[in-house]
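Novice: Can you keep this structure in mind? I'll have questions shortly.
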Amino acid sequence: MAFERNVLLTALVLALFAPLVLQGDYAMHIGVNIMFSVMLATSLNLIVGYIGEFPLGHTAFFGIGAYTAALLSVRAGLSFYITVPAAAVVAAVSGVLIGAVTLRLRGPFFVIVTLCFAEVLRLVANNWVDLTNGPMGLSGIAKPSLAMSGDILWQKVTFFYIGLLLAGISLFVSYRFVYSNVGRAAIAVRENRFVAQSVGIWPFYFGLVTFALAAGIGGLAGGFYAHYFSYVGPEVFGFSFMISMIIMVLAGGKGTLVGPVVGAVIVVLLEEYLRDFKELRFSIFGLIVVAIVIFLPRGLMGFITRRHETYKGPDKAIPADKAELRDA
Amino acid sequence: MDLFLQLSANGLVLGMFYALSALGLTLVFGLMRVVNFAHGELYVVGGLIGWALTETLGLNFFVTLAIVVVVLGIAGYLIDRLLITWVRGQGEEPTILLTIGLSIFITNTALLIVGTTPQTVLSPFKSKPLFLGPVVLTQSRLFLVAICAALIVGAYLLIQRTGLGRAMRATFQDPMAAQLVGIRTAHIYGFTLALGAALAGAAGMLLGSIYVVQATIGGVVSLKAFVVVILGGMGSFPGAIVGGLILGLAEALWGGYVNTGYVDAIGFGLVIVMLLVRPYGLFGKRIERA
């Protein structure tokens, strides 16, 4: 708990000063991408790591957020400061609705039905041309007035700090949530559903609360994405965002708050680094997923904390003459 | 009325194809408890090999089909022995993630090699229309329906009547007891996945001769196959057929009478309703619920 808090605060301070050290709009663009990915990974991790189910259609909430922000901005002309919170709220509400259906299912069925929802939403985005412009997508989404007042570098720096603020809020809320009674109850359900039920925890309810929070953060990321790229098309429901999210969470370590942040940084940098390889990139990503599942099932953070635990070691806590108690 | 008959006939033919494409999945799912998210990608690989051998090398259709079955069978066996064996016994989640990683890899590697162009497997069957009263069907589709039925029956007999099938069922009922009576369970796991992969590849090649095969359609094929399996109940052969027919009919009728934009959403709607009403599927056993 203290370890996670300290790491996250250090990361925050480092990020605050990053624009002073890393000059140039390319570095800032990567920074914005990292902030956006941190939000997405945190959102997916709440479900994978704390409910213990795997939503393969998690892009549904990201897409709902992106389309909400885009529609409110393009059709109603609302400003950034209203559309982004609205995106989070709409996504959270749809999270409650979708969660109410999907959380009754477990294992492969949960995976498939969440994917079904994302596919249906993609079809709606493609076919409801009057509202969403169909495959053309919505373009010309207004950037916040603050960002428009300077040159391109100023724009990127503004977006970086806005992203940092939103990612910070997401992580702060997740932190408070995970270490609250609701979060602990969710972990109890993940570890052993029947024991949790026997002490009076209602799995469905706690799952639903977690699901709504995760959906809200996903929607926040979607709103931010819409305004940064000022374009949203049906591909926001597509699988490539899902692939990145999966790798971030798995590589970093699910079920920890630091893990997805580390994973997001690694994946964004790796994507930039592998840009030369273009299409080969995704093949490599597939292999990475397979390798992580086999060799590093708890991710980087899981690996580090386990090393940490064995280093402190239970052996040292028990005096040598009582060792047979441990072995028994 | 004629329109209804024609749409129903199209739906039933489509349904048989769905049943065939879901067969490998339901087998692996029902017997092994392995959720193979790379199923659709194996289908695509089957189709692409079929296209490459018939179109570019000019091989005979049936020889190619045999090659596809053998190649995919070997691939399935290796996938099990090299990858899935690492996560066996760790519950569902690692296998799901592993096969998702595998599907990402196969799709994008296939994209690298053949690109996004849709391809067709050369078929020896004529697309000459047959008139059955008011209903028109093409010869090639009827031939394929027959081949589908033969494959489904063949797989069923393999599981129920042969020594290998008995060893498979024993292994998945109780691996320890199966080992004690001398069954090499590691091979049986491999053979089951090989059978699933071979069926997926055969389906990809057969349907690739009517529709198109494209590197990126694996995900949709997997999803539709899952829809069929959930509708029918997992691991059940009659379930796969009935599930496929229901999906095919629903899509054909919806596409004919309502609109074509949302045809692909029908299956997902059916699955959501099915899982809420009857989570073990039409033919599943009650204990095997979601």
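Novice: Within segment B:106-144, which residues are part of a loop (DSSP other than H, G, I, E, B) and among the hydroxyl-bearing types (S, T, Y)? Walk me through it before giving the result.
Specialist: Going through segment B:106-144, the residues part of a loop (DSSP other than H, G, I, E, B) turn out to be B:115-118, B:120-128, B:133-134.
Of everything in segment B:106-144, those that are part of a loop (DSSP other than H, G, I, E, B) and among the hydroxyl-bearing types (S, T, Y) turn out to be B:T116, B:T117, B:T120, B:S123, B:S127.
Novice: Next up: Considering only helices (runs of 4 or more DSSP H) fully contained in segment A:54-135, which possess at least 1 residues that are over 17 Å from A:L40 (Cα atoms) and within 11 Å of chain B (Cβ to nearest Cβ)?
Specialist: Numbers: elements: A:59-74, A:80-102, A:108-127, A:129-132.
It comes to A:80-102, A:108-127, A:129-132.
Novice: Is there a residue in segment B:102-117 that is more than 14 Å from chain A (Cβ to nearest Cβ) and either surrounded by 12 or more Cβ atoms within 10 Å (Cβ to Cβ) or under 27 Å from A:F239 (Cα atoms) (or both)? Don't jump to the end; show me each part of the working.
Specialist: Taking segment B:102-117 as the starting set, the residues that turn out to be more than 14 Å from chain A (Cβ to nearest Cβ) are B:117.
Adding the requirement that they be either surrounded by 12 or more Cβ atoms within 10 Å (Cβ to Cβ) or under 27 Å from A:F239 (Cα atoms) (or both) leaves B:117.
Checked segment B:102-117: at least one residue is more than 14 Å from chain A (Cβ to nearest Cβ) and either surrounded by 12 or more Cβ atoms within 10 Å (Cβ to Cβ) or under 27 Å from A:F239 (Cα atoms) (or both).
Novice: Quick test for you: out of B:A170, B:A240, B:A198, B:A252, pick the one residue that is crowded, with 24+ Cβ neighbours inside 10 Å and either under 23 Å from B:L282 (Cβ atoms) or at pLDDT below 90 (or both).
Specialist: Values: B:A170 fails: crowded, with 24+ Cβ neighbours inside 10 Å; B:A198 fails: either under 23 Å from B:L282 (Cβ atoms) or at pLDDT below 90 (or both); B:A252 fails: crowded, with 24+ Cβ neighbours inside 10 Å.
Testing whether each residue is crowded, with 24+ Cβ neighbours inside 10 Å and either under 23 Å from B:L282 (Cβ atoms) or at pLDDT below 90 (or both) leaves just B:A240.
Novice: Of all residues in segment B:1-35, count the ones that are under 11 Å from the mean Cα position of the chain (by Cα) and assigned to a loop (DSSP other than H, G, I, E, B).
Specialist: So the count comes out to 0.
Novice: Confirm whether B:V258 is buried (at least 24 other Cβ atoms within 10 Å of the Cβ) and either more than 10 Å from chain A (Cβ to nearest Cβ) or under 18 Å from the mean Cα position of the chain (by Cα) (or both).
Specialist: no
Novice: Count, please, the residues in segment A:98-113 that happen to be free of Cβ contacts under 8 Å to residues at least 24 places away in the same chain and within 13 Å of A:F211 (Cα to Cα).
Specialist: 1
Novice: For segment B:65-86, indicate whether the set of residues that are within 11 Å of chain A (Cβ to nearest Cβ), surrounded by 22 or more Cβ atoms within 10 Å (Cβ to Cβ) and over 27 Å from A:R298 (Cα atoms) is non-empty.
Specialist: Taking every residue of segment B:65-86 in turn, none turns out to be within 11 Å of chain A (Cβ to nearest Cβ), surrounded by 22 or more Cβ atoms within 10 Å (Cβ to Cβ) and over 27 Å from A:R298 (Cα atoms).
Novice: Sort through B:T185, B:T162, B:T192 and tell me the only one that's within 17 Å of the chain's Cα centre (by Cα), surrounded by 11 or more Cβ atoms within 10 Å (Cβ to Cβ) and polar (S, T, N, Q).
Specialist: Working: B:T185 fails: within 17 Å of the chain's Cα centre (by Cα); B:T162 fails: within 17 Å of the chain's Cα centre (by Cα).
Residue meeting the stated conditions: B:T192.
Novice: Can you name the residue in segment B:261-290 that is within 10 Å of another protein chain (Cβ to nearest Cβ), touching a Phe, Trp or Tyr at 6+ places or on another chain (Cβ under 7 Å) and not in a helix (DSSP H, G or I) and, of all such residues, is modelled with the lowest pLDDT?
Specialist: Applying the filter and picking the extreme gives B:A290.
Novice: Can you tell me which residue in segment A:266-289 is nearest to the other protein chains (Cβ to nearest Cβ), limited to those that are crowded, with 20+ Cβ neighbours inside 10 Å and closer than 30 Å to A:Y179 by Cβ?
Specialist: Taking the candidates together, the pick is A:V289.
Novice: Another question, if that's okay. Which residues, counting only those in segment B:109-164, are without any contact (Cβ under 8 Å) to a residue 24 or more places away in the chain, closer than 30 Å to B:G182 by Cα and hydrophobic (A, V, I, L, M, F, W, C)?
Specialist: Residues satisfying the conditions are B:V153, B:L157.
Novice: For A:T132, work out the one condition from (1) modelled with pLDDT under 85; (2) within 24 Å of A:V173 (Cβ to Cβ); (3) of a type in the set (S, T, Y) it doesn't fulfil.
Specialist: (2)
Novice: Only one of these is small (G, A, S), buried (at least 19 other Cβ atoms within 10 Å of the Cβ) and closer than 22 Å to A:E191 by Cβ: A:G99, A:G95. Name it. Lay out the reasoning, then the answer.
Specialist: Values: A:G95 fails: closer than 22 Å to A:E191 by Cβ.
Only one candidate qualifies: A:G99.
Novice: Next up: Which of (1) away from chain A (no Cβ under 14 Å); (2) over 24 Å from B:N10 (Cα atoms) does B:A215 not meet, given it meets every other one?
Specialist: Result: B:A215 fails condition (1) only.
The values are calculated or read from the model by the stated rules, or taken from the named source; none is laboratory data. Nothing here was measured: the structure is a model prediction, and the numbers come from that model. FYI the Cβ positions are ideal-geometry reconstructions off the backbone, even for glycines, and counts take in every protein chain you see.
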